[in-house]
Amino acid sequence: MKTIIVTDAWKPQVNGVVRTYEHIGSELAADGDQVTFITPEGFRTVPLPSYPEIRPAIFPYRKVARTIRQLAPDAIHIGTEGPLGMAARRYCLRHGMPFTTAYHTRFPEYIRMRIPLPIGISYRWLHRFHAPSRHVMVPTESQKQNLVRRGFRNVVICGRGVDTSVFRPGDRDFLDLPRPIQVYLGRVAVEKNIRAFLTLATSGSKLVIGDGPDRQKLEREFPGVHFAGYHFGTDLARYLGAGDVFVFPSRMDTYGIVLLEAMACGLPVAAYPVDGPRDIVRQGVTGWLDEDLGVAVNQALGLDPADCVRYARSLSWREVSLLFRGLLAPIA
């Protein structure tokens with residue numbers, strides 16, 4: 001089967017969208033499928049204001065159209081609603097080709113945090129974008145219900161997995177920091193609500209793994225916090241495996257693959273009881289959800305890391321990729 005996956009989010013970005021499609025592509029290719037990605041690589045791009053690591057493609061339609069014509073795929077999946085996604089959608093509609101889409105990120109809420117654009121306007125645009133899609137793939141039941149309430153149709157769940165050959169319990173002595181070590185992993189940006197983590201009056205150490213537009217400001221404001229920058233693969237797993245609890249302060253993530261990666265390394269999760277963590281964390285077993293994040297941290301520290309590891313090992317990328325393939329819309 002020849003599949004094209006169109007995504008505006010791609011390396012060097014480090015986020016759940018990129019990791020999801022990397023894993024799905026690898027699993028499908030291992031089964032003999034031909035998977036081609038249309039990403040900002042090879043296009044003229046410009047840095048997004050206030051977010052230079054994100055570089056949208058400029059006027060990509062002709063090249064996107066040429067790529068689709070040349071490859072003659074059996075299925076097209078549009079993973080993001082950016083310039084590349086819009087170009088692929090336009091081509092498919094012009095030529096009567098069915099396609100699927102995905103809703104990964106709560107863009108209306110993210111946009112509202114940066115500019116005074118009413119959330120309803122953003123959702124109406126997203127509704128129009130996804131309306132022709134055969135399946136709108138979302139990672140959790142709560143996100144499905146959120147879109148259904150807003151009038152979206154053909155919404156289906158396609159979850160996430162974790163690579164337990166990489167993410168697994170490691171050397172607890174890797175980090176020489178006062179315990180308990182509380183770990184955050186992800187973008188260092190306003191939409192991640194990271195300040196709620198950094199201001200907690202908890203004992204031990206706080207470790208931030210990742211980078212983003214707010215890092216330098218927060219490093220100056222919180223000199224006692226350890227900012228480790230980006231780490232990947234087995235190196236990232238070493239940092240996670242040396243921690244004691246994973247703190248997830250975001251209130252807007254649709255899933256949070258990092259939650260599974262932390263659990264696979266033996267870290268219980270402390271988070272707010274909101275969509276995303278509520279779909280993934282088993283309360284009192286693999287983590288603790290509480291409106292008081294400090295309470296969640298203290299409760300999570302008392303949980304058994306082995307339960308977290310067992311739960312993470314039950315979620316494989318292979319199962320996710322097979323489900324993804326089954327949801328694609330074949331092109332006649």
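The values are calculated or read from the model by the stated rules, or taken from the named source; none is laboratory data. None of these values were measured; they are calculated from a predicted model. So basically every Cβ, Gly included, is an ideal-geometry build from the backbone, and we count neighbours across all protein chains shown. When the accessible area is computed, the model is the full protein with side chains, heavy atoms only, and any ligands, DNA or RNA have been set aside. Shrake-Rupley method; radii C 1.70, N 1.55, O 1.52, S 1.80 Å.
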Inset, instruction - Mind pulling the per residue volume of the convex hull built on the Cα atoms of the stretch 157-310? Å³ is fine. - result: 104 Å³
Legend entry - Kirkwood-type radius of the chain, with distances r between different C-alpha atoms, in Å: 20.6 Å
Inset, instruction - State, as an integer percentage, the relative contact order of the chain based on alpha-carbon contacts under 8 Å between residues 6 or more apart. - result: 18 percent
Inset, instruction - Run through the DSSP bridge list for the chain and note the antiparallel percent, rounded to the nearest 5. - result: 10 percent
Inset, instruction - Averaging over all projection directions, find the projected area of the Cα convex hull of the stretch 28-85 and quote it in nm² with one decimal place. - result: 4.8 nm²
Inset, instruction - Using Cα centres only, tell me the gap between the stretch 121-137 and the stretch 64-86 in whole Å. - result: 17 Å
Legend entry - Whole-number percent relative contact order across the stretch 1-144, with pairs defined as alpha carbons under 8 Å at least 6 apart: 24 percent
Inset, instruction - Calculate I(q)/I(0) for the stretch 201-259 by the Debye formula, one identical point scatterer on each C-alpha and no solvent, and give its log10 at q = 0.21, 0.23, 0.29 Å⁻¹ to two decimals. - result: -1.05, -1.23, -1.41
Legend entry - Check: the chain dipole with +1 on Lys, Arg Cβ and -1 on Asp, Glu Cβ, in debye: 1600 debye
Legend entry - Nonlocal amide H pairs with Phe227, under 5 Å, H built at 1.01 Å: Val208
Inset, instruction - Give the share of C-alpha pairs in each 10 angstrom bin for the stretch 258-300, from 0 to the last occupied bin, in whole percents, shortest bins first. - result: 35, 59, 5
Inset, instruction - For the stretch 255-332, compute Rh as the Kirkwood radius over C-alpha pairs and then the Stokes-Einstein diffusion coefficient at 20 °C and 1.002 mPa s; write the answer in µm²/s, rounded to an integer. - result: 160 µm²/s
Inset, instruction - Compute the relative contact order of the stretch 105-242 as a whole-number percentage, counting only Cα pairs closer than 8 Å that sit 6 or more residues apart in sequence. - result: 21 percent
Inset, instruction - Once you've got the GNM for the chain with C-alpha springs shorter than 10 Å, pick whichever of Pro223, Pro249, Pro139 has the biggest mean-square fluctuation. - result: Pro223
Legend entry - Residue-by-residue Karplus 3J(HN,Hα) for the stretch 126-138, coefficients 6.51, -1.76, 1.60, Hz, glycine and proline x: 5, 4, 5, 4, 8, 3, x, 5, 5, 9, 9, 8, 10
Inset, instruction - Quick one: which residues, 5+ away or cross-chain, put their amide H under 5 Å from the amide H of Thr254? H built at 1.01 Å from N. - result: Arg106
Inset, instruction - Would you mind checking which residues have amide H under 5 Å from Gly287's amide H? H placed 1.01 Å from N; only 5 or more apart, or other chain. - result: Val269, Arg282
Inset, instruction - Send over the semi-axes of the stretch 126-231's equivalent ellipsoid, whole angstrom and largest first, taken as the square roots of 5 times the C-alpha gyration tensor eigenvalues. - result: 36, 19, 12
Inset, instruction - Count the lysine pairs in the chain whose Cα atoms lie under 27 Å apart, taking only pairs 8 or more positions apart in sequence or on different chains. - result: 9
Legend entry - In degrees, nearest ten, helix 317-327 long axis to first principal axis of the chain (Cα): 30 degrees
Legend entry - Order by protection proxy (mean Cβ within 10 Å, highest first), peptides 79-91, 258-270: 258-270, 79-91
Inset, instruction - Take the alpha-carbon positions of the stretch 1-146, form their convex hull, and give its projected area averaged over all directions (one quarter of the hull surface) in nm². - result: 9.2 nm²
Inset, instruction - Mind computing the radius of gyration and Dmax over the alpha-carbon atoms of the stretch 222-290? Å is fine for both. - result: 12.3, 34
Inset, instruction - Could you pull the Rg and Dmax for the stretch 172-241, using just the Cα atoms, both in Å? - result: 11.7, 32
Inset, instruction - Please give the per residue accessible area of the chain, computed with a probe of 1.4 Å over protein heavy atoms only, in Å². - result: 44 Å²
Legend entry - Lys/Arg +1, Asp/Glu -1 at C-beta; the chain dipole; positive extreme among Pro180, Thr164, Ile121: Ile121
Inset, instruction - Just read off the accessible area of His135 with the full protein assembly in place, 1.4 Å probe, to the nearest 10 Å². - result: 50 Å²
Inset, instruction - Pick out, from Thr234, Gly42, Asn298, the residue whose Cα sits farthest towards the positive end of the charge dipole of the chain, with +1 on the Cβ of Lys and Arg and -1 on the Cβ of Asp and Glu. - result: Gly42
Inset, instruction - May I ask for the Kirkwood hydrodynamic radius of the stretch 1-58, worked out over all distinct Cα pairs and given in angstroms to one decimal? - result: 12.3 Å
